[in-house]
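The values are calculated or read from the model by the stated rules, or taken from the named source; none is laboratory data. For clarity, every value in this text was computed on a predicted model and none was experimentally measured. In this analysis, Cβ positions are derived from the backbone assuming ideal geometry, glycine residues included, and neighbour counts consider all displayed protein chains.
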Amino acid sequence: MFTKRHTRQRLVVAGLTVVALAVGALLLRTEFFDTTLQSVVYDKAIDIGSATVRNQVTIVALDDATVTQYGQHYPPPRQAYTDLLRALRPLNPSVIAFDVAFYDAAQNPE
């Protein structure tokens, strides 16, 4: 049915497929695709993107002096976050994000 040449070609293709699958499985197991490939693709997408990047990112950190200003230890009362939002309002920020969790009940719910 198949000549020897076709049989050899099929064996070579099958062998290469098995090797490719084994290498792919190994790379998935070592999280190569999850970190390195993802980083490369993301970097390329940023490089070829047409959006202009502006250096207008400001990170506001909560320091010890601010915590003691509100008269208690960490976490500060929610009033501190309210005061921060009121101070930032005149600057017209497009995004404000908090990296904090409010697990405890507020002392003054208003």
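Assorted remarks:
- Which listed residue, of Thr30, Thr17, Thr35, is on the phi < 0 side of the Ramachandran plot, modelled with pLDDT of 85 or more and either of a type in the set (Gly, Ala, Ser) or not assigned by TED's automatic domain parsing to the domain that holds Asp104 (or both): Thr17
- Scanning segment 60-86 for residues that are hydrophobic (A, V, I, L, M, F, W, C) and over 28 Å from the mean Cα position of the chain (by Cα) yields a count of 2.
- Among residues of segment 23-37 that are of a type in the set (Phe, Trp, Tyr) and surrounded by 11 or more Cβ atoms within 10 Å (Cβ to Cβ), those with a beta-carbon under 8 Å from a residue that is assigned to a helix (DSSP H, G or I) and modelled with pLDDT of 70 or more at least six positions away or on a different chain give the pairs Phe33/Leu27.
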